[in-house]
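Peer 1: Dropping a structure here in structure tokens format, bear with me for questions.
Values in this text are rule-based calculations from the coordinates and carry no lab data. None of the values given here were measured: they were computed from a predicted structure. Cβ atoms come from the backbone with ideal geometry, glycine included; neighbour counts cover every protein chain shown.
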Amino acid sequence: MKNALLEIGVETLPARFIPSALAQLESKAAALLAGRRLVPASLKAMGTPMRLALVLTGVPERSEPQELELTGPPARLWKDESGAFTKQAEGFAKAQGVKPADLVVVPGPKGELLAVRKTLPGENAAKVLSEVFPALIGALEFPKSLVWEESKFRFGRPLRGLCALYGKKPLRFSLAGVKSGSKTRGLAALGAKPVTVPSPEKYAALLRDRCVLVDVEERRKALRKTLESAAKRSSGAIDEDQDLLERVLFLVEHPVAVLGRFDAAYLELPKALLSMVMKAQLLFFPILGKDGAMTGEFVGVRDGVSEGQREVQTGFERVIAARLADARFFFRRDREARLAYHAKKLERVSFQKGLGSLADKTERVARLAEWLAHAVLQDRALDGSAVTTASRLVYADLVTGVVGEFPELQGVMGGVYARAEGLGEKVALALEEFYQPAQARGPLPTHLEGCLVSLAGKLDTVCMMLAGGFRPSGSEDPFALRRLGNGAVRIVLERQLPVDLEQAVDAALGLAAERGAEAPFDAAKARAEVLEFLWQRVETLFLEKDYKADELRAVRAGGLKDLVRTFHRLAAVHALRPDPDFVPVAAAFKRASNILRQAGIDPSGAEEVDAVLLTDPAEQALHAAVALLEGDVREKVAQGDHLSALRALVGLKPEVDRFFDGVMVMVDDERVKRNRLQLLARLARLFTAVADISHIQA
């Protein structure tokens with residue numbers, strides 16, 4: 001066995017491309033090699049911005065032989081009545097390179113077939129790798145690919161070198177006008193002259209000697225070590241932002257940290273703004289004091305060797321000074337006016353084509369937030385004035401200089417400016433957290449007031465965009481409506497808000513028709529679409545928590561009117577499902593629902609059951625059991641104890657089974673038939689107070 005190497009030399013790859021490409025190198029190489037029956041003992045991907053590499057250890061010198069069984073015509077066509085081989089058998093045998101006598105009979109899907117059994121010998125590993133490696137390179141996928149030469153080959157960045165070895169022997173192939181060989185290059189800053197790789201196992205060490213740490217974990221340790229070394233020379237501790245660490249890791253081949261300083265006067269800027277300039281724009285690590293506050297120091301990472309550090313430090317300090325000066329200019333200019341003044345400029349900013357301005361949106365959100373506040377006021381104590389103030393200022397920071405320069409700070413700067421104006425912490429937090437949750441499992445706004453304002457903004461956007469025809473399709477969701485819908489559902493559920501989302505959607509669409517929508521829309525169609533969209537978000541949330549699709553269908557009716565109650569109903573169905581009587585009762589209930597539907601009976605409007613007309617002992621027993629349970633079940637439902645209520649209903653199984661075994665509902669006597677239908681309707685009405693378990697599958 002020998003080791004093998006593939007190195008793909010490229011122009012500088014974006015940092016975000018590299019982790020996925022390395023994972024693909026391993027998974028796709030394993031699949032391609034398995035398909036060619038050449039399985040290495042192990043494989044490992046390594047890479048930097050300038051190269052992607054794969055090292056295979058323990059590669060057999062030949063691929064595994066393959067046993068083949070090729071089928072042909074039916075077995076009855078092997079020989080004719082005289083015992084001679086038929087033309088079909090001879091033709092099949094000749095095509096497979098064997099004699100008719102070497103054919104065998106094997107079973108087939110429609111009877112016995114003639115077949116040939118062959119053993120394909122293994123192939124030379126060098127030949128296999130020379131074919132697999134270019135296929136592997138072509139199979140790699142990137143967020144964006146480039147075309148740069150005549151063959152129109154696509155890759156994340158142009159190929160500039162290919163190194164491929166099996167043992168000490170170079171593998172020869174050509175791709176995108178680049179021929180493979182046995183050479184690689186060291187760190188570009190050192191001239192990066194071509195150097196021959198003697199063998200795959202010496203690849204990483206060879207590059208290490210030329211200031212390239214191609215092994216990702218080795219480079220990660222080196223990055224942490226150099227950062228810690230720089231931080232020891234500072235007056236505080238480094239801000240080890242994991243996202244920034246990962247990004248810098250894939251921006252360099254040999255990380256060297258440089259400690260720098262900036263004018264302490266810039267510390268007057270908000271921490272979020274300082275952090276944005278240093279981390280997002282310049283990829284610098286802030287140095288924090290013991291209290292967690294910014295100091296006047298930072299650490300930048302260069303790609304190279306520890307020479308000329310003073311010059312690099314000076315360059316870093318010059319860049320950060322210019323960026324912080326710009327940030328301070330915008331911040332001070334923004335502070336010259338109050339948020340309410342900035343909000344007036346929203347009249348000149350379009351929300352979306354055909355959907356009015358951001359000033360229109362602000363008015364809708366403010367009125368919807370007030371509607372939501374009124375809806376929860378009887379159940380929760382809240383600061384109504386904070387809701388009103390915050391909802392009328394949530395978009396004001398979008399037209400400030402800082403957010404214009406740093407869009408990622410929308411909301412955050414609104415909170416900063418609100419505190420500076422003395423608008424109160426609840427208002428400031430509501431503005432700061434307005435866009436939360438920013439991710440699927442991100443934090444929600446802290447206070448109830450902020451939750452209501454955030455919910456109003458999300459509902460307005462979803463309603464307006466869907467009514468305006470801006471719908472997500474497949475994996476495409478350019479306006480992040482699914483994220484907004486998920487956020488709205490999470491706010492209601494996790495904050496246990498007593499909000500009827502159906503009424504909230506009606507209110508939002510009413511405001512849309514009144515202010516913002518420049519063209520009329522079909523309100524009924526938009527309502528149905530928004531409610532279905534929100535329910536899909538509910539389903540997505542609960543399916544991720546291992547609830548079943550049929551369980552969700554069981555609580556779908558009226559599910560958006562009280563999401564908190566819907567969750568408790570769903571949990572009751574899920575918890576009781578393992579009960580051996582549950583699924584049989586669900587099947588019987590489905591039968592009852594089908595009978596009622598075919599008879600045109602709506603359980604919600606059922607008539608009273610006439611006990612005099614109940615003559616069969618089975619229907620009398622069911623009627624008595626339902627009457628006995630009815631009050632208790634409704635009391636448990638009112639108290640929110642849906643599990644106990646559903647368990648009591650499942651206890652009706654003996655009476656339900658006896659009824660369906662011995663009672664014919666659709667009899668000729670119209671009065672008896674009607675009465676029995678009303679009994680089933682009464683049973684159905686009692687069950688659906690918890691869940692429509694007719695949707696439960698066996």
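Peer 1: Leaving out same-chain residues fewer than 8 places away, which lysines sit with a Cα under 19 Å from that of residue 653?
Peer 2: List returned: 590.
Peer 1: Fully extended, how many nm does the chain gain between residue 639 and residue 557 (0.36 nm per residue separation, minus their Cα-Cα distance)? Display every interim value, and only then the final one.
Peer 2: Values: separation 82, 0.36 × 82 = 29.52 nm, distance 1.97 nm.
Length difference between fully extended and current span is 27.5 nm.
Peer 1: Compare the peptides 3-14, 287-298 by average per-residue count of other Cβ atoms within 10 angstrom and give them in order, highest first. All intermediate terms of the calculation are to be shown ahead of the outcome.
Peer 2: Working: 3-14: 21.7, 287-298: 16.9.
Descending mean neighbour count gives 3-14, 287-298.
Peer 1: Hey, another quick one. Separation of the stretch 601-618 and the stretch 38-113 by C-alpha centroid, Å?
Peer 2: Taking the Cα centre of each part, the stretch 601-618 and the stretch 38-113 sit 70 Å apart.
Peer 1: When only Cα pairs under 8 Å and 6 or more residues apart are kept, what is the percent relative contact order across the chain?
Peer 2: After rounding, I find 8 percent.
Peer 1: Considering the options 265, 288, 244, tell which one lies farthest towards the positive end of the dipole of the stretch 216-335, charges being +1 on Lys and Arg and -1 on Asp and Glu at the Cβ, about the Cα centre.
Peer 2: Of the candidates, 265 comes out farthest on the positive side.
Peer 1: Relative contact order for the stretch 216-335: what is it in percent, counting Cα pairs under 8 Å that are at least 6 residues apart?
Peer 2: The value is 31 percent.
Peer 1: Straight-line reach from residue 110: which lysines have a Cα under 29 Å away, not including same-chain ones fewer than 8 places off?
Peer 2: Partners found: 79, 87, 94, 99, 118.
Peer 1: So, counting K/R as plus one and D/E as minus one, what does the shell of residues with Cβ under 14 Å around residue 149 add up to?
Peer 2: Here the charged neighbours net out to +3.
Peer 1: Using helices alone, I'd like the mean residue ellipticity at 222 nm for the chain: each DSSP H run of four-plus residues gives -39500 (n - 2.57), total over residue count, nearest 500.
Peer 2: Values: 25 runs with 329 residues, N = 698.
So the calculated ellipticity at 222 nm is -15000 deg cm²/dmol.
Peer 1: Between residue 31 and residue 306, how high is the FRET efficiency from 1/(1 + (r/R0)^6) when r is the Cβ-Cβ distance and R₀ = 30 Å? Nearest 0.05. Show your work: numbers first, answer last.
Peer 2: Details: r = 42 Å, r/R0 = 1.40.
For R0 = 30 Å, the calculated efficiency reads 0.10.
Peer 1: Taking 0.36 nm per residue of sequence separation and subtracting the Cα-Cα distance, how much length would be gained by fully extending the chain between residue 209 and residue 82, in nm to one decimal?
Peer 2: Extra length from residue 209 to residue 82 when fully extended: 37.8 nm.
Peer 1: Just to confirm the filter: which trypsin sites (Lys or Arg not before Pro) across the stretch 334-409 are DSSP coil and have at most 13 other Cβ within 10 angstrom of their Cβ? Spell out each step's value before the answer.
Peer 2: On the way: sites: 335, 338, 344, 345, 348, 353, 361, 364, 367, 380, 392; in loops: 338, 353, 380, 392.
The qualifying sites are 353.
Peer 1: Using label points projected 7 Å from each Cα along Cα→Cβ, tell me how many nm separate residue 568 and residue 67, to one decimal.
Peer 2: The two pseudo-label positions are separated by 6.3 nm.
Peer 1: Which lysines, if any, have their Cα less than 29 Å from the Cα of residue 179, not counting same-chain residues under 8 positions apart?
Peer 2: Leaving aside lysines fewer than 8 places away in the same chain, those within reach of residue 179 are 2, 28, 44, 127, 144, 152, 168, 169, 193, 202.
Peer 1: Hey, with R₀ at 51 Å, roughly what FRET efficiency would residue 630 and residue 532 work out to, going by the Cβ-Cβ distance, to 0.05? Present the calculation step by step, with values, prior to reporting the outcome.
Peer 2: Numbers: r = 33 Å, r/R0 = 0.65.
Calculated transfer efficiency: 0.95.
Peer 1: Could you let me know the centre-to-centre spacing of the stretch 142-173 and the stretch 176-201, using Cα atoms, in angstrom?
Peer 2: Cα centroid of the stretch 142-173 versus Cα centroid of the stretch 176-201: 13 Å apart.
Peer 1: Same structure, new question: With label points built 7 Å along Cα→Cβ from the Cα atoms of residue 548 and residue 664, find their separation and express it in nm.
Peer 2: A separation of 3.5 nm, rounded to one decimal place.
Peer 1: Taking 0.36 nm per residue of separation and subtracting the Cα-Cα distance, what length does fully extending residue 105 through residue 151 add?
Peer 2: Extra length from residue 105 to residue 151 when fully extended: 11.7 nm.
Peer 1: Suppose R0 equals 22 Å; then what is the FRET efficiency for residue 338 and residue 282 from their Cβ-Cβ distance, rounded to the nearest 0.05?
Peer 2: Using R0 = 22 Å, I get an efficiency of 0.10.
Peer 1: Now a separate question. Looking at the stretch 342-545, how many pairs of lysines come closer than 21 Å at the Cα, when each pair is eight or more places apart or spans two chains?
Peer 2: 10
Peer 1: Given labels modelled 7 Å from the Cα in the Cβ direction, how far is it in nm from residue 243 to residue 408?
Peer 2: 0.6
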